[in-house]
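Here the structure comes first, spelled out in structure tokens, and everything after it is commentary.
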Amino acid sequence: MTNNSALVAGSILENRYRIVRELGHGGFGRTYLAEDMNRFSESCVLKEFAPQVQGANELRKAQELFEREAGMLYKLQHPQVPRFRELIRVRNASRESLFLVQDYVEGPTYYQLLKSRKRLSETEVIQLLIQLLPVLEYVHSQGVVHRDISPDNLILRTADRLPVLIDFGAVKQIAASALSQYTQQPAGTSVGKEGYAPDEQMRQGKAFPCSDLYALAVTVLVLLSGKDPKDLYDSVNATWRWRNEVSVSPQLGAVLDRMLSYRPRDRYQSAREVIGALPGGAYTVPTSPFVPVNPTPTPVYYTPPAPQPAVPVNPKPGQVPANANFSTLATQIVARALGRNVPNPTGISNSQLIWRQRGSFAKGIGVVLVPGIIIAFLVQSVVSVVKLPALPKLPELPKFPEIPKLPNAPKLPGTSMSKTELARQEKIGERRKKLKIDRAVFYPKVDELFYRRHPELKGRALSDKPEDTRLREEWMRVAEDLLDRLERGQTKL
């Protein structure tokens, strides 16, 4: 099988995706712009996985491994990462391929912007960093390393003018691993662009979050200078000499130098760390591209209200101020009793404070207790004079027979499905009921569509065990897609 021949524009895959044109090709296959006929001809991208293998059995095994491992892409749900829709297997004459279907992003790549602009300013690349680093922070939190960051794989989306991260090199790494297990081909550890990817990735096949930060720093230098990485790197001494080509603020320069450290442990270990180290420490991100960012935002300081003194500053000696409260005076008494040196603006001795507090306390007690005693006496007098009639005796309630104990109900079998998955299944059922579709009609139809994609699984029921998690997720996507079409009136059962 070869992947040299491109699909013809207008051809349709899986009775759903109409090929518009080829977008590019690489070592694992070609990338196409297509239209999803089930979604009002919405544009999408089809990435072909067509490895060079000998024999259909080896291809099938390689594709199964690739399909299983590529499930990591389903986890990525970020507005600046194209949504991964599904995997489809297509046979065309003697050719069989696997296609990844993703959202299409309209807009130029940063490489195209660079060609038209020649170079970007410091404020423009700072804006790019503060808009893109949170995306990397999210991707890394999901256990995914991009592995292929470069101006080619960043798109300035036309809709909202935000950078979008595309073409994950992690997918290529999975494909290479799949091939190495079932073919005689090497694993292909050099996933990533020469000059952008760090040494541990290109030579050892190891990639960490800080490897992506390294590639992002190289991307920034290329955008600032308009030159290729090889023109900014001294391969003899294994050092970057970008300062001969670019002039930036000392703080941004220090950030880039650390991101470009040769040893992974010397770099920032997370995108969040880089954000905190950028010049100014905080920014207001503009919505339009290449608008200068204020590098020194005006700080807002909190001014606490002036404290109100509880006592006058200069009372007469030996006099308790009228506005002195109990807690203030008691605190002074206790503190002095413990031998602590506390300010005494009143000039009153401990004994005077205590007795004056006793007098204030006694007055308070008198104000509360005397009226209370009078009221209690009056209530008691009224009760003794006025005799209330006795209440009639209520009849005894009939005794009900004891409810017999029910036998212990059998325990329901446990499930390994997550709460999120159960809630998703419940939502599918609610949408079905809203459309007034009988479950005996809907679910067999979903099964039919699902097993059409997986004929090798036909006759096998999906379990609730962890090993079937990916298959259950795909079944639910089939059900949700069918419900979408039913709600839009595009199909009938």
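For the reader, a short list of remarks on this structure follows.
- In sequence order, calculated HN-Hα J values of segment 142-147 (Karplus, 6.51, -1.76, 1.60; Hz; x Gly/Pro): 8, x, 10, 10, 5, 6
- Note on surface exposure: S116, S43, S247, S97 rank S247, S116, S43, S97 by accessible area, highest first, 1.4 Å probe.
- In terms of the mean number of neighbouring beta-carbon atoms within 10 Å, the peptides 192-201, 442-451 order highest first as 192-201, 442-451.
- Exposure of E480 as accessible area (Å², to 10), given a probe of 1.4 Å and all protein chains: 40
- Among the listed pairs K115/K230; K47/K227; K118/K230; K47/K230, those with a Cα-Cα distance over 21 Å are K47/K227; K47/K230.
- Estimated FRET transfer efficiency when R0 is 51 angstrom, pair V441-Y262 (beta carbons, to 0.05): 0.20
- Computed with a 1.4 Å probe over protein heavy atoms only, the accessible area of D231 comes to about 60 Å².
- About the centre of its Cα atoms, segment 188-256 shows a dipole size close to 20 debye [charges on the beta carbon of Lys, Arg (+1) and Asp, Glu (-1) only; nearest 20 debye].
- For L162, the residues whose modelled amide H falls within less than 5 Å of its own, excluding neighbours fewer than 5 places apart on the same chain, are R157.
- Accessible area in the full protein assembly, largest first, 1.4 Å probe, for W242, W475: W475, W242
- The order of R452, R485, R117 by accessible area, most exposed first and with a 1.4 Å probe, is R452, R117, R485.
- Annotation: amide H of H25 within the under-5 Å range of T31, sequence separation 5 or more or interchain, hydrogens built in the peptide plane.
The values are calculated or read from the model by the stated rules, or taken from the named source; none is laboratory data. Keep in mind it's a predicted model, so treat the numbers as computed, not measured. Counting neighbours? That spans all protein chains shown, and the Cβs are built from the backbone with ideal geometry, glycine included. For accessibility, only protein heavy atoms count, side chains too; no ligands or nucleic acids. Shrake-Rupley method; radii C 1.70, N 1.55, O 1.52, S 1.80 Å.
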